[in-house]
Number of protein chains: 2
Amino acid sequence: MDPHGAHPSSKPLLETLTARLRNMAHRLTTPRRDILDALRRGAHPMSHRQIHSALRGSCDLATVYRSVHLLESAGLVQRFDLGDGVRRYELLGEDGHGHHHHLVCRRCDRVVELLECFAPELEQRVASQSGYSGVTHRLEFFGTCPACQSA
Amino acid sequence: MDPHGAHPSSKPLLETLTARLRNMAHRLTTPRRDILDALRRGAHPMSHRQIHSALRGSCDLATVYRSVHLLESAGLVQRFDLGDGVRRYELLGEDGHGHHHHLVCRRCDRVVELLECFAPELEQRVASQSGYSGVTHRLEFFGTCPACQSA
DNA sequence: CACCACCTGCAAATCGTTTGCATTTTTTCC
DNA sequence: GGAAAAAATGCAAACGATTTGCAGGTGGTG
């Protein structure tokens, strides 16, 4: 666990990402490349709006929604729900590598990236005891960050 | 873990719930009582809309939103985010007892209530290593239920 | 039983997200 | 390198969940 760091995995090259997209039989368009690049630069999960403003309006917000949706189903990005009604996304390594969780401050929304994922064996247990297949999980932590504690 | 059962904890009396509300220095109004009763009867987490229709329009949808919000901050109900953009709620025992998780079918949205909560010691670890205080968590599982697997 | 703070109903506003359609871009193939 | 087909984009409008302003109604306290 790394209380201060940014995204745990080292950043992949933009080329690597675009290659992955092409291999999925998807077109490489300017918005998609730019979105991947924006996510590559971001340290924390980004909302559609954040991505859109990082792009400085180089493409439409609707395109961000459509592209991120495609990137998600292509397995290039992972969605996170941090409690407010806003969806956020981070790059995901190949074969699902890079799966992790977050710790969010209830007061100031500061986000800490947590390195380890504890639950893989839990997924197994849940799957075998319920009969469900392809079990995944979503886990986030919430608390009050040091700064907000003293404030 | 109970793959087939409904809410794990036995249902509290409606009187018990209303008493808890009164003790929090909140008024006991008809809509609030009815909402608590609807949640008491429901086996799975209910959305505002579901609660509202369980009440057969005896109060306004906006009142459901306002009341559930109050019940949540009073610690009487707990919110669950099951992945679609819809918030769902279940009764929560006193002192936070009754905390648990769900397993949701990606195809048909069937929900399984999971009895155990694995993460309390994780909260400790996350808290001490990050400096955050009052750490809680949200954990849900997703998969494909037996029926949808064969379909 | 009267009063006051609080709550409700109603309707409109807000916010995130999706969608229809005409136009532009990417890719493929010659 | 260029034309044609398939797919993606921009724009604006639609949508669904949730919130809010305001006028009138209600709970519980003295």
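The values are calculated or read from the model by the stated rules, or taken from the named source; none is laboratory data. All values derive from a computational prediction rather than experimental measurement. All Cβ positions, glycine included, derive from the backbone under ideal geometry; neighbour counts span all protein chains shown. Note: accessible area is taken over every heavy atom of the protein model, side chains too, but ligands, DNA and RNA are not part of it. Shrake-Rupley method; radii C 1.70, N 1.55, O 1.52, S 1.80 Å.
Worth a mention:
- Verdict on B:Arg79 being at pLDDT 95 or above and either away from DNA strand C (no atom under 16 Å from the Cβ) or closer than 26 Å to B:Asn23 by Cβ (or both): yes
- Within segment B:86-97, considering residues that are of a type in the set (D, E, K, R) and touching a residue at least 12 places away in the same chain (Cβ under 8 Å), the one nearest to the other protein chains (Cβ to nearest Cβ): B:Arg87
- Looking across segment B:7-23 at every residue that is in a loop (DSSP other than H, G, I, E, B) and surrounded by fewer than 13 Cβ atoms within 10 Å (Cβ to Cβ), the one that is modelled with the lowest pLDDT is identified as B:Ser10.
- Pairing residues of segment B:30-57 that are in contact (Cβ under 8 Å) with a residue 40 or more places away in the chain and among the hydroxyl-bearing types (Ser, Thr, Tyr) with residues that are in a loop (DSSP other than H, G, I, E, B) and open to solvent by 50 Å² or more (accessible area, probe 1.4 Å), at Cβ distances under 9 Å and at least 6 apart in sequence or on separate chains, gives B:Ser47/B:Val86.
- Scanning segment A:25-64 for residues that are over 19 Å from A:Gln78 (Cβ atoms) and more than 10 Å from DNA strand D (Cβ to nearest atom), we see that the one that is nearest to the chain's Cα centre (by Cα) is A:Ser53.
- Looking across segment A:138-151, just one residue is surrounded by fewer than 18 Cβ atoms within 10 Å (Cβ to Cβ) and in a loop (DSSP other than H, G, I, E, B), and that is A:Ala151.
- Reported count of residues in segment B:36-85, each being within 14 Å of another protein chain (Cβ to nearest Cβ) and farther than 17 Å from B:Val111 by Cβ, is 4.
- Pair list, Cβ under 6 Å, 6 or more apart: segment B:121-134 residue more than 13 Å from A:Leu115 (Cα to Cα), other residue part of a helix (DSSP H, G or I): B:Gly131/A:Pro146; B:Ser133/A:Gln149
- Hits in segment A:98-142 (condition: at the interface with chain B (Cβ under 8 Å from one of its Cβ atoms), under 15 Å from the mean Cα position of the chain (by Cα) and more than 15 Å from B:Leu139 (Cα to Cα)): A:Val112
- Subset of segment B:119-137 [outside any helix (DSSP H, G or I) and surrounded by fewer than 19 Cβ atoms within 10 Å (Cβ to Cβ)]: B:Gly131, B:Ser133, B:Gly134, B:Thr136
- 2 or more residues open to solvent by 40 Å² or more (accessible area, probe 1.4 Å): qualifying strands (runs of 3 or more DSSP E) within segment B:52-106: B:87-91
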